[in-house]
Structure formats: structure tokens, C-alpha cells
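Notes to accompany the following structure.
Please treat every number below as a calculation from the coordinates, not as lab data. Every value quoted in this text rests on a predicted model; they were computed, and no experiment measured them. A quick note on method: Cβ atoms are made from the backbone with ideal geometry, for glycine too, and the neighbour counts reach across all protein chains shown.
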């Protein structure tokens, strides 16, 4: 394992966060704070508890994932797309480093940024609503697993995209709508039976419920299924990335 190469990529990618601190950290935190003010305080004060949890506290896990998912995809996709756009990817591919080491550097940096952002939002949420974390170990485990998985997905997107427009399509048109419809602001048990069944085809439902279970010990779906679905998606992304590097898909043009 070429630790020096991994560290070089990791440090370089992570340094972009500090150069664009407002865009990378302050802007997502401000947006999430507005959700807490509108949904948690204004609307939540007029709603009954859900599974014995106040509405403001109930939406905390979903709002954290709403930001972590979109930031993970965006950070990882831009991280690999910019070297392709500028041509520096050829220097990386000609260096004596493996695909696994390239992934550790790029995905590791993107996941670190997403997890830091998620923890900052978690701390910010305590300003607006009181809550306790029932399973702190599993909360961290789910956060790490989800951040890494969607950074891998973003890495795939960054290789696939042939323009900046395509980098924005998936987070804005797919990830964000699925997150809103995945139980971020409500329990799927509140839906009519037909729509409960339809919602189960949304993969984000399993992520949100697994993460919410780590907070409060309650979930609309089996936690084992949530964990298994996330791992399967992660392994699928790793397999796609391996194929892309093996075939040179949009990397050798």
C-alpha cells in the first residue's frame, strides 16, 4: 500500500475545503438551520409526537442525511471530474499507485468532509431541539458507511459525466427528491397502504430509517435490511469503479 500517494491525494483534496470554507461548510449548515427553524420550530410545535418522539427531534437524522448524501456525491464527483477536465488525471493514472489507493485518497477525502459536515449539523441541531442518541456507536457506523457509499457513487458519477451540467443533474434531480420522499420529514406509517408499498422501493428510505434507529431505537423498516442494502450498494459502486479503471472508460480519452 502506497501510503505516501494516498496521503498526497487526501491532503490535496481536503485542502480545497479550507479554500472554499463558506461554500463547503457554512452554506450547508445555514440551509439545514433554516429547515430546523421552519419545520422543527414553526411546524413541529403544532404537530403531535411520532413514535413518542417530538417532531423537531424526529427530523434530525433525516436532515443530517439530506446534507450528507448530496455533499458526498458532489464532493466526490467534482474531486475526480476536475482532474479529468484539466488532464491531470493522466499523471495520477501513470503513477505507481493502484485503483484501491486512488479510491482511498479521493473517496477518503470526500467522505471526511461529508462526515465533518454531518457532525457539525448534529451539533447545530442541539441548538434547536433536545434529543438523545440511543446507539451512538451505530450512529457513527451508519454515518461513515453512508458517507463512503455515496462518495463512491459520486466518484462513479464524476467519471461518467462529460460536462458540469451532468454533475448537477443526479444530486438535484434524483438524490434530493428521493431523500425528501424517503421519510426525512415523516414516518412512512403515516402514508396510505398503497403509498407505503411504493415508498419501500425508494432506497433512501432504508438509509434514513437505519440512521434514525441509531438515534431513537425506532424505525419503519428492519435495521438489518437497511444495513444490508447500504453494503450491497457500496459493493456495487466499487465493482463499477473497478470496471471503469480496468477498461479505461472515459479515463483514457
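Values for this structure:
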item: Residues 236, 49, sorted so that the one with the fewest Cβ neighbours within 10 Å comes first; result: 49, 236
item: Computed over the chain: relative contact order in percent, which uses C-alpha pairs under 8 Å that are six or more apart; result: 26
item: Of 61, 203, 96, the one that fluctuates the most in a GNM where the chain has Cα springs shorter than 10 Å; result: 96
item: Calculated [θ] (222 nm, deg cm²/dmol) that DSSP helices of n ≥ 4 give over the chain, each run adding -39,500 (n - 2.57); result: -22500 deg cm²/dmol
item: Percent RCO, i.e. relative contact order, over segment 62-174, from Cα pairs under 8 Å lying at least 6 residues apart; result: 52
item: Top of 95, 110, 125 by mean-square fluctuation, Gaussian network on the chain, Cα under 10 Å; result: 95
item: Mean-position separation - Cα centroids, segment 73-93 and segment 205-234, in angstrom; result: 31
item: Angle in degrees between helix 60-86 and the longest Cα principal axis of the chain, rounded to the nearest 10; result: 10
item: Residues residue 30 and residue 135, FRET efficiency given R0 of 35 Å [Cβ-Cβ distance, rounded to 0.05]; result: 0.75
item: Fluctuation leader among 235, 14, 69 - the chain, Gaussian network, Cα springs under 10 angstrom; result: 235
item: 0 to 90° range, to nearest 10: angle between helix 99-128 axis and the chain longest Cα axis; result: 30
item: Descending semi-axes in Å of the chain, equivalent ellipsoid built from Cα gyration tensor; result: 34, 19, 16
item: Pairs of Cα atoms farther than 20 Å apart, segment 24-117, %; result: 52
item: Tilt relative to the chain, helix 136-160 - C-alpha long axis, 0 to 90 degrees, to 10; result: 50
item: Neighbour-count order for 160, 213, 18, 195, fewest beta carbons within 10 angstrom listed first; result: 18, 195, 160, 213
item: R0 of 25 Å, Cβ-Cβ distance residue 196-residue 51: FRET efficiency to nearest 0.05; result: 0.95
